[in-house]
1. Give me 57, 32, 40 sorted ascending by neighbouring Cβ count inside 10 Å, so fewest comes first.
2. Suppose the chain between residue 35 and residue 2 were pulled fully straight at 0.36 nm per residue; how much longer would it get relative to their current alpha carbon spacing?
3. Could you work out [θ]222 nm for the chain from helices alone, using -39500 (n - 2.57) per DSSP H run of at least four and dividing by all its residues? Round to the nearest 500 deg cm²/dmol.
4. Mind checking the angle between helix 47-56 and the chain's longest principal axis? C-alpha axes, 0 to 90 degrees, to the nearest 10.
5. Mind pulling the angle between the C-alpha long axis of helix 17-30 and the longest principal axis of the chain? Nearest 10 degrees, somewhere in 0 to 90.
6. Per the Debye formula with a single identical scatterer at each Cα and no solvent contribution, what log10 I(q)/I(0) holds for region 7-77 at q = 0.20, 0.24 Å⁻¹?
7. If you fit an axis through the alpha-carbon atoms of helix 65-77 and take the longest principal axis of the Cα set of the chain, what angle between them do you get, 0 to 90°, nearest 10?
8. Using R₀ = 25 Å, calculate the FRET efficiency as 1/(1 + (r/R₀)^6) where r is the Cβ-Cβ separation of residue 20 and residue 61; round to 0.05.
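Every read-out reported here was derived from the displayed coordinates using simple, explicitly stated rules and does not represent laboratory data. Not measured: the values here are computed from a predicted model. Here the Cβ positions follow ideal geometry from the backbone for every residue, glycine too, while neighbour counts run over all protein chains shown.
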């Protein structure tokens, strides 16, 4: 799917296209509509850069029980 936003609306919002993508990705991640990986791809950023962007926006990285269990298994493999 492609969403078209008129250039004049982006200009009136004083946003560059990449800022709009980052804003949308951060919003969707914060509201649990996208995973961290999906959101960082939408923002066009590597994982670490996107995590820094979330931290700058005071958005908490979502870390659930499944994530903890995966980390524990990975640590046992080391």
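1. Details: 57 13, 32 8, 40 23.
Ranked by crowding around the Cβ, least crowded first: 32, 57, 40.
2. Values: separation 33, 0.36 × 33 = 11.88 nm, distance 2.00 nm.
Full-extension gain reported as 9.9 nm.
3. Numbers: 5 runs with 51 residues, N = 78.
Counting only the DSSP helices, I get -19500 deg cm²/dmol.
4. 70
5. Once rounded, one gets 40 degrees.
6. -0.85, -1.05
7. Helix 65-77 and the main axis of the chain meet at about 50 degrees.
8. Working: r = 22 Å, r/R0 = 0.89.
Calculated transfer efficiency: 0.65.
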